[in-house]
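The values are calculated or read from the model by the stated rules, or taken from the named source; none is laboratory data. Predicted model, so just to flag it, every value in this text is computed and none were measured. Every residue, glycine as well, gets a Cβ built from its backbone with ideal geometry; the counts of neighbours run over all protein chains shown. Accessible surface is based on the protein model in full, side chains and every heavy atom, while ligands, DNA and RNA are left aside. Shrake-Rupley method; radii C 1.70, N 1.55, O 1.52, S 1.80 Å.
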Amino acid sequence: MRRTRERAAGAAVGAAGVEAPRRLYADPGLPDRIFRSVARGGGGLVLAVMLLVGGFLLYRAWQALSKAGWGFVTTEAWEPDAGNFGIAAVLTGTVLIALVAIAVAVPLAVGSALYISEYAPPRLRRTLVSVVDLMAAVPSVVYGLWGLFFFQSHVLGTARWIATYLGWIPLFTVDGADPTDPLATETVFTSSTFIAGVVVAMMVAPIACSVMREVFSQAPVGEREGAYALGATRWGMIRSVVLPFGKGGMIGGTMLGLGRALGETIAVYLIISPVFVIQPHLLQNGTSSVAALIALRFGEASEFGMSALMAAGLALFLMTLVVNFAASSIVARSRSGTASDS
């Protein structure tokens, strides 16, 4: 067969008098075909599981969604057995807790990753990598108990200081707090979005730090040496080489942490005081989240109430998918992980 193709190509060259481009052909072989089939099967299996999860949630939530309609997205109260329920309040609380967590975790993760990959001595670097990986493996209930019994009592003074001097910003306003009264109760600052967000940030930071550290360490050596040869300091090299190269990894680590923050359950459940109204004040007592709502009401829910909880879970599932797809799109357009241009 190959000889027949070569003869046909030669005949075409002789007839036209112009050299025809040679068609390349490579037999992948049995191992390559097996690997390709396994890879495609694994990717298809992941998509199938995702579709099955979404389909199951939609099937179980259809009873509640058909009754609530679009009001499910705009209603704040959660009284499914009375026909008055929606995710406006819990969805707002979920987003605010996740944003606070990301605002605290990302600077911490970037600084830690840069120190480990660029500044730490080799022996200390190995120790720090192990510590960060160990922090990522700590169960969420441990972080929740730490936040409930230790962190919350020690951060109330900070929350009060922020409310006193930055209370003119709507997000930092606290209803019922009197900055001029030194004996005013601090219970208005407990179980807040701020406290829950910082605790979740402690869980998110090690994950984001691990992703960023791996990307920073893969910055091209040639470009590093070129920056030094042009007279750049270490920080100048980091700004001109490492950070631009690691932009995709930074975004990917942030989005991965955001997905974890959106779905965190136990730690948030232990800390917050659930309220089913939109409460945008970060430092004020009372907030809620979708995952904590499901954990709180799952055991006592009626059949219709269970359908409403499944609808809330479906909304969280779709929101997490949107975040992950957006992160994949951004990372795919970045330079991280590609070969050096020089």
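The table below lists the values:
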item: Relative contact order for the chain, counting Cα pairs under 8 Å that sit 6 or more residues apart, in percent; result: 26
item: In order through region 244-250: 3J(HN,Hα) via Karplus (6.51 cos²θ - 1.76 cosθ + 1.60), integer Hz, x for Gly, Pro; result: x, 5, x, 4, x, x, 5
item: Residue 123 versus residue 217: modelled label distance in nm, points set 7 Å from Cα along the beta carbon direction; result: 1.9
item: Distance in nm between pseudo-label sites at residue 53 and residue 33 (7 Å out along the Cβ direction from Cα); result: 3.5
item: Helix-derived mean residue ellipticity, 222 nm - over the chain, DSSP H n ≥ 4, -39500 (n - 2.57), to 500; result: -21500 deg cm²/dmol
item: Bins of 10 Å, starting at 0 and running to the largest distance - Cα pair percent for region 218-342; result: 11, 27, 23, 17, 14, 7, 1
item: Span from the region 131-189 Cα centroid across to the region 299-325 one, whole angstrom; result: 28
item: For region 169-318, size of Cβ-based charge dipole, Lys and Arg +1, Asp and Glu -1, in debye; result: 680
item: Per-bin percent of Cα-Cα distances, the chain [20 Å]; result: 23, 44, 23, 8, 2, 0
item: Cα centre as origin, Lys/Arg/Asp/Glu Cβ charges: the chain dipole, Debye; result: 1960
item: Dipole in debye (nearest 20) - region 38-190, about Cα centre, beta carbon charges: Lys, Arg +1; Asp, Glu -1; result: 860
item: Among 229, 177, 137: highest mean-square fluctuation, GNM of the chain, C-alpha pairs under 10 Å; result: 229
item: Selection from 231, 289, 198, by position along the positive dipole direction of the chain (Cβ); result: 231
item: Probe 1.4 Å, protein heavy atoms only - accessible area per residue of region 193-329 in square angstrom; result: 38
item: Residues with amide H under 5 Å from that of residue 190, placed H, sequence gap 5 or more; result: 285
item: Carbon + sulfur, % of accessible area of region 22-168 - ligands and nucleic acids excluded, 1.4 Å; result: 69
item: Positive-end residue of 216, 279, 305, charge dipole of region 193-342 with Cβ unit charges; result: 216
item: J(HN,Hα) series, region 152-159, from Karplus relation 6.51 cos²θ - 1.76 cosθ + 1.60, nearest Hz, glycine and proline x; result: 4, 5, 8, 9, 4, x, 5, 4
